[in-house]
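The values are calculated or read from the model by the stated rules, or taken from the named source; none is laboratory data. The structure presented is a predicted model; accordingly, all values stated were derived computationally and were not measured. Glycine also receives a Cβ, built like all others from the backbone with ideal geometry; neighbour counts cover every protein chain displayed.
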Protein chains: 2
Amino acid sequence: MLEGPNTRQRDGASERRREIQEIAAQLFARKGYRGTSIRDIGEKAGVLGGSLYHHIKSKDALFVELHNEALNSAAERIAQAMAAQADPWEKLRAACRTLLEIQSDPNSLTLPMMNDFREVPDKVRAELIECRDKFEALFAGLVRDLPLPDDIDRSIYRNLLLSLLNSVADWYRPGRLSPQEIGDQVYRIFRHHCPPA
Amino acid sequence: MLEGPNTRQRDGASERRREIQEIAAQLFARKGYRGTSIRDIGEKAGVLGGSLYHHIKSKDALFVELHNEALNSAAERIAQAMAAQADPWEKLRAACRTLLEIQSDPNSLTLPMMNDFREVPDKVRAELIECRDKFEALFAGLVRDLPLPDDIDRSIYRNLLLSLLNSVADWYRPGRLSPQEIGDQVYRIFRHHCPPA
DNA sequence: CCTACCGATCGGTAGG
DNA sequence: CCTACCGATCGGTAGG
């Protein structure tokens, strides 16, 4: 209801567009694709739903755009954290910590990463998967370089690691362990598997 | 469109109810709560949406009922599989294999276990969580008895294990590894952590 | 189990 | 950015 009228007007159009994107990202992240209506986004932005169509093309396009931005931004941060480590296991640890940090930040436009594959229209899903594949390739490379025992299937290992990291947002609550500490826990569980050198 | 008219009529009402439950369970599992309309369920049952209300009270009640039945049935199967093993790690292995089997069967009414927490009305979510807590207690007991290293947080370990097992349905595709083999992989990843006795 | 309908909500648009 | 509206779809009900 209350809106701050002190928004700068320097570059009105694109700045307003950014505001709307951030609002939409938060709502999508919290309520999912279907649970977030154009009118919901408008309400938080202080306008009626229809008015948003000056800034967005469609709900689908907005969702895909936010999802892919978030994924690319996350991939970049993780790649940087991994690059700072030489040991494969330390790369895994850095990746876990970074992704956990991203996933547990409720206010970042980077958060969404919504795995709501089922609740999204087919056409949207296809675009989501395409972008996600690139993200998963990052983890495929990471897992490829780990010295894992022979009886561990790397494809399964990677899928488990990824789905685990993605679902942390479902049960993470601030206050107890920090994202970094949880990341370390993930690392410890997935790590001990050195082959008996 | 085609319906088999050879349905027995022995106990018409309750048998019909069971049919509708199975149809609804499959749709909910595949399309989620919001993605499944009463009319969708009716269509698969060969009737109009409104006609279902002779057999169900509401969409919410139907969903909660199916969810809780699935959860209780799964908990029972897992408890039995665990009871057949004495060693704590073998209990974990049995639990992983059984849950994986349940989660990857696309035709079982037991499957749904839908973690669509976000797309469900608040009132429904509260009822879902209540039942899920009991299910999670089963795993809490399992994890409590594992001889884990001191630097592993059992609460995190359990959350990771559960969210991992639940999200397998997102990427599992029949053909490659069997559910049991995947269950064994999960077991291997989560196991190696014996403390240096 | 159907016909016929309800009130609500949805994404989106025309026209200003 | 609003008014006013569209066609579609939703869960659910009355009355037979």
Item to check | Leading residue by the ranking (farthest from DNA strand D (Cβ to nearest atom)) among those in region B:61-74 that are over 12 Å from B:Ala24 (Cα atoms) and crowded, with 16+ Cβ neighbours inside 10 Å | outcome: B:Ala74
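Given the criteria surrounded by fewer than 21 Cβ atoms within 10 Å (Cβ to Cβ), modelled with pLDDT of 95 or more and among the aliphatic types (A, V, I, L, M), does B:Ala83 qualify? Steps first, answer last, please.
Numbers: surrounded by fewer than 21 Cβ atoms within 10 Å (Cβ to Cβ): yes; modelled with pLDDT of 95 or more: yes; among the aliphatic types (A, V, I, L, M): yes.
The answer is yes for B:Ala83.
For the condition within 16 Å of DNA strand D (Cβ to nearest atom), loosely packed, with under 15 Cβ neighbours inside 10 Å and within 14 Å of chain B (Cβ to nearest Cβ), what is the one hit in A:Ser51, A:Ser37, A:Ser58? Outline the logic, then answer.
Numbers: A:Ser51 fails: within 14 Å of chain B (Cβ to nearest Cβ); A:Ser58 fails: within 14 Å of chain B (Cβ to nearest Cβ).
Among A:Ser51, A:Ser37, A:Ser58, only A:Ser37 is within 16 Å of DNA strand D (Cβ to nearest atom), loosely packed, with under 15 Cβ neighbours inside 10 Å and within 14 Å of chain B (Cβ to nearest Cβ).
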Checklist outcome for this item: Across (1) away from DNA strand C (no atom under 16 Å from the Cβ); (2) surrounded by fewer than 16 Cβ atoms within 10 Å (Cβ to Cβ); (3) at pLDDT below 95, B:Glu101 clears everything bar (2)
Item to check | Every residue from region A:7-29 that is under 17 Å from A:Glu69 (Cα atoms) and in contact (Cβ under 8 Å) with a residue 24 or more places away in the chain | outcome: A:Arg17, A:Glu19, A:Ile20, A:Gln21, A:Glu22, A:Ala24, A:Ala25, A:Gln26, A:Phe28, A:Ala29
Checklist entry - Can you name every residue in region A:21-39 that is within 23 Å of the chain's Cα centre (by Cα) and farther than 23 Å from A:Gln103 by Cβ? => result A:Ser37, A:Ile38
Next on the checklist: Please go through region B:35-87 and give me each residue that is among the small types (Gly, Ala, Ser), more than 26 Å from A:Tyr33 (Cα to Cα) and within 16 Å of DNA strand C (Cβ to nearest atom), ordered by number.
Outcome noted: B:Ala45, B:Gly46, B:Gly50, B:Ser51
Item to check | region A:153-162, subset under 23 Å from B:Asp151 (Cα atoms) and within 8 Å of chain B (Cβ to nearest Cβ), residue surrounded by the most Cβ atoms within 10 Å (Cβ to Cβ) | outcome: A:Leu160
Next on the checklist: Which of the numbered conditions does B:Cys194 fail, given that it passes all the others? Conditions: (1) in contact with a Ser or Thr (Cβ under 8 Å, 6 or more places away or on another chain); (2) hydrophobic (A, V, I, L, M, F, W, C); (3) at pLDDT below 95.
Outcome noted: (1)
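What are the residues in region A:163-190 that are polar (S, T, N, Q) and either crowded, with 19+ Cβ neighbours inside 10 Å or facing another protein chain (nearest Cβ under 7 Å) (or both), if any?
Those that are polar (S, T, N, Q) and either crowded, with 19+ Cβ neighbours inside 10 Å or facing another protein chain (nearest Cβ under 7 Å) (or both): A:Ser163, A:Ser167, A:Gln185.
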Next on the checklist: Please determine whether any residue of region B:100-119 is in a helix (DSSP H, G or I), touching a helix residue (DSSP H, G or I) at 6+ places or on another chain (Cβ under 9 Å) and without any contact (Cβ under 8 Å) to a residue 24 or more places away in the chain.
Outcome noted: yes
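Consider region B:134-151. How many of its residues are assigned to a helix (DSSP H, G or I) and either within 12 Å of chain A (Cβ to nearest Cβ) or more than 25 Å from B:Arg191 (Cα to Cα) (or both)? Talk me through it step by step, then tell me what you get.
Kept after step one, since they are assigned to a helix (DSSP H, G or I), are these residues of region B:134-151: B:134-144.
Restricting the remaining residues to those that are either within 12 Å of chain A (Cβ to nearest Cβ) or more than 25 Å from B:Arg191 (Cα to Cα) (or both) gives B:136, B:143.
Selection size over region B:134-151: 2.
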